[in-house]
Structures are given as structure tokens and as C-alpha cells.
Amino acid sequence: MIAADLNSSSSVDAAFGRALQLRVDQVNSSGRLGDRKLELRTQDNRADITTSLRNISAFADDPAVAAIIGGGCDTCIVGAAKTINDKKVPTIALATSDQVAAPVADHPYLFKLGPNSADSAAATVAELRRLKFANAAILYTDDLYGRGAKEALTAELGKAGIAITGDRSVKPSATDISQAVGALTEPKPAALLVLAGPEQAALAAKSAKSAVFKGQMFFDAAAASDMFIPNDAAAATNNTTMVFTQILAIDDVIATTPAKAARKQWFRDYVSRYGSYSGVASFAADAIDLIASAVARVGGNRDQIRAILETSQTDGISGPIRFTPANHSGLMPQALTLLVARAGRWRLAS
């Protein structure tokens, strides 16, 4: 059994849940586990640390649970880290914050699948340098992910000699961020760099358009959501650049390798079942594949599953994944590319 701790009211976690179930069904129908069948058990954590800890503790105490998958609540997985390690249950976190699986010495049973802030920042700043932008402003969410992403981006901008004209934080739950965006765009920076989830990234784009911002807007990987941008944000988001994996623009990708062909097939299967595609779904699919590969070799032995995860190398749906004993955040920098919003959907930048 694979257990998932998700927030049922989160659009991101809803996409995770759909992807987990689809991949479990695909693994079972493929026969790759022989006589074994995967079972998915999901509990709602309501983005509450205490509830999440209770869910994860119950999962860990159930001997039928071979591994746990955590959703987008960074603080939930960080809050449960000690329990996960004490109870020795291998756990793959799909949360955005780098802190969920680092340092490895303190998180031997925790792994992370998803873009790393340092890699996302490096890709963004490389593009700013290519465009010869002299300065940029930073908008970030005041939470575990946002603060860490801002720190990584600030370091990269410093190394590149790109000035920061200002930075502002916003609450992750804020529904009006126009004041913060207005303050950042008033000095007319060459770029506005947005480190926020999908809903707030869309708010930032609309606020910047209202402020008549003429510079270039960049989203980091946390902003990724559906392939099609919501109608109310499409015009404001047009020409925005986002760092993410190729999966959101998979129609632009030619299947020149088995891995690329598998990504296109996964995309088609997800859309066939659910009607549209969410970019984060690929991380959930890869989490199931990694656990299934371990279960195929050692059954439900948690210690052996953890050992296998720690040395797993695969070209997954998200891109190349490499876990090592020194690095439990496995998505490689090569998995990230630049996407551009055009006519209400994401396309490869080049």
C-alpha cells in the first residue's frame, strides 16, 4: 500500500491525487509487479500541521503501508519529519520547499521530487543575463518555500551582478497583492520575478498589468499549474517566462527518445481521464514509479525501499531524476527549461 497525505482543498494537491491514482492503475494493469497490486490510500490534511502529523503517524503505524507520499504542504512534511524518521517509513514529498529533504543527515527517510529553488533561480538568472537585464524586482510568498526561493534567487542575482530594485513578500493566502506589486513596479525594473504558487502568480500578473508594468515578468517553477492559463489571467500573463519541465509544453516536444515518448503518452493518458493537464502531475507519477520499482524488488520492506530510493536513477516523466546518499532532492537541473505564455497556454521558449 502507498499512503498519501494531501490537502483536498488545494488545486495542486487535487492534481497530485488524480495523478497518483492514474499511475497506480497503470502500474497494476501493466503486470510489472507480478502477483502484487498497488493500493492507494489518501487522507486529507487540510494544510494543517497537526492533522498531517496524525495522518502520517497512522500511516507509519500500519504495516501494510510500504511508503508515504506527501503533498504540497511544506510545513506539514517538515513538521512530520521526526516522526517519519523515527518510524522509518520512506516518504517522498511533492512539496516545493528545499527544506523538506535537507539536510540529508536529518532526513534519512525523506525524499523530494520537484524543482529545487537553486536550479530554478539559476535558470531564471541565466535568461536575465542573456537578455542583458541590469536589474530586477522580487515578489515572494512569506512562507517556507518563498523565503527559501528568495534567498536562492538573491544569491544568483548577486553572482550575476544584477541589481535588485526591491523585494516584497505577500501572505500565501492574500487575495489582493496590488499594493506590493505596485511598489515593486514603480521604479520600473527590467524584470519582475515572481516566487509564488499558481493562484498568486496569476494575481501578480494581473496586478502588474493594472500597474502598466512594461518590463518582463518571470515565474519560478512553483507557479506551474494547468497547461491552459485561466481566462481571467491569460492576457495579463501573455509573454511571461516560467521555469519548469517540458511537460506543460509537451505538444512542442518531438519524441526522439523513449523517455520523451513516455512523457507524451502519460500526458495523453492524463488528459484522456481528467480532461486537462496539470504540470505538477508528473512529479506524482514519478513518485509512484520510484516506489513501484522498489516494491517490485523487495516487497514492502521499508528499510530496503529507502535504500533503493537513495540510489535511484531514472529518466522520469518530469525529467532526469538522480537520488544519492548525499542528495535526497532528486530532480536534476537538466529537467528544467524555459516556457513562455502565448495565447493562454504554455509553450517552449525555443
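The values are calculated or read from the model by the stated rules, or taken from the named source; none is laboratory data. Bear in mind the structure is a predicted one, so any value in this text is a computation, not a measurement. Cβ sites come from the backbone with ideal geometry, for glycine too, and all protein chains shown count toward neighbours. Side chains included, ligands, DNA and RNA excluded: accessible areas come from the protein's heavy atoms. Shrake-Rupley method; radii C 1.70, N 1.55, O 1.52, S 1.80 Å.
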Here are some conditions: (1) outside any helix (DSSP H, G or I); (2) open to solvent by 50 Å² or more (accessible area, probe 1.4 Å); (3) among the charged types (D, E, K, R). Residue 5 meets all but one. Which one does it not meet? (2)
Scan of the range 63-79 for residues that are among the aliphatic types (A, V, I, L, M) and open to solvent by less than 20 Å² (accessible area, probe 1.4 Å), ordered by number: 65, 66, 67, 68, 69, 77
If you go through 157, 195, the only one that is in contact with a Phe, Trp or Tyr (Cβ under 6 Å, 6 or more places away or on another chain) and either more than 17 Å from residue 117 (Cβ to Cβ) or in contact (Cβ under 8 Å) with a residue 24 or more places away in the chain (or both) is 195
In the range 80-137, the residues that are buried (at least 17 other Cβ atoms within 10 Å of the Cβ), closer than 26 Å to residue 50 by Cα and small (Gly, Ala, Ser): 80, 81, 93, 95, 97, 101, 102, 114
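Can you confirm whether residue 113 is within 10 Å of residue 329 (Cβ to Cβ), at pLDDT 95 or above and not charged (D, E, K, R)?
Values: within 10 Å of residue 329 (Cβ to Cβ): yes; at pLDDT 95 or above: yes; not charged (D, E, K, R): yes.
Yes.
Any residue at all in the range 165-178 that is of a type in the set (S, T, N, Q), under 21 Å from the mean Cα position of the chain (by Cα) and surrounded by fewer than 24 Cβ atoms within 10 Å (Cβ to Cβ)?
yes
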Select, from 47, 60, the only residue that is assigned to a helix (DSSP H, G or I), of a type in the set (Gly, Ala, Ser) and open to solvent by less than 70 Å² (accessible area, probe 1.4 Å). 60
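Just checking, which of 144, 128 is out of contact with any strand residue (DSSP E or B) (no Cβ under 9 Å at 6 or more places or on another chain) and touching a residue at least 40 places away in the same chain (Cβ under 8 Å)? Spell out the reasoning first.
On the way: 128 fails: out of contact with any strand residue (DSSP E or B) (no Cβ under 9 Å at 6 or more places or on another chain).
Testing whether each residue is out of contact with any strand residue (DSSP E or B) (no Cβ under 9 Å at 6 or more places or on another chain) and touching a residue at least 40 places away in the same chain (Cβ under 8 Å) leaves just 144.
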For residue 28: the one exception among (1) within 27 Å of residue 225 (Cβ to Cβ); (2) open to solvent by 20 Å² or more (accessible area, probe 1.4 Å): (1)
Number of positions in the range 264-278 that are in contact (Cβ under 8 Å) with a residue 12 or more places away in the chain, in contact with a Phe, Trp or Tyr (Cβ under 9 Å, 6 or more places away or on another chain) and either in a helix (DSSP H, G or I) or among the aromatic types (Phe, Trp, Tyr) (or both): 3
So residue 341 passes all but one of these: (1) among the small types (Gly, Ala, Ser); (2) open to solvent by less than 10 Å² (accessible area, probe 1.4 Å); (3) closer than 19 Å to residue 285 by Cα; (4) outside any loop (DSSP other than H, G, I, E, B). Which condition number does it fail? (3)
Being closer than 30 Å to residue 154 by Cα, surrounded by fewer than 24 Cβ atoms within 10 Å (Cβ to Cβ) and touching a residue at least 40 places away in the same chain (Cβ under 8 Å) is the filter here; which residues of the range 230-263 pass it? 234, 238, 239, 241, 246, 249
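Does residue 14 count as open to solvent by 20 Å² or more (accessible area, probe 1.4 Å), within 19 Å of the chain's Cα centre (by Cα), within 19 Å of residue 269 (Cα to Cα) and not polar (S, T, N, Q)?
Details: open to solvent by 20 Å² or more (accessible area, probe 1.4 Å): yes; within 19 Å of the chain's Cα centre (by Cα): yes; within 19 Å of residue 269 (Cα to Cα): yes; not polar (S, T, N, Q): yes.
Spelling it out, residue 14 is indeed open to solvent by 20 Å² or more (accessible area, probe 1.4 Å), within 19 Å of the chain's Cα centre (by Cα), within 19 Å of residue 269 (Cα to Cα) and not polar (S, T, N, Q).
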Given (1) in a helix (DSSP H, G or I); (2) at pLDDT below 95; (3) not acidic (Asp, Glu), residue 182 misses just (2)
Inside the range 309-325, the number of residues satisfying the requirement of being free of Cβ contacts under 8 Å to residues at least 24 places away in the same chain and open to solvent by less than 20 Å² (accessible area, probe 1.4 Å) is 1
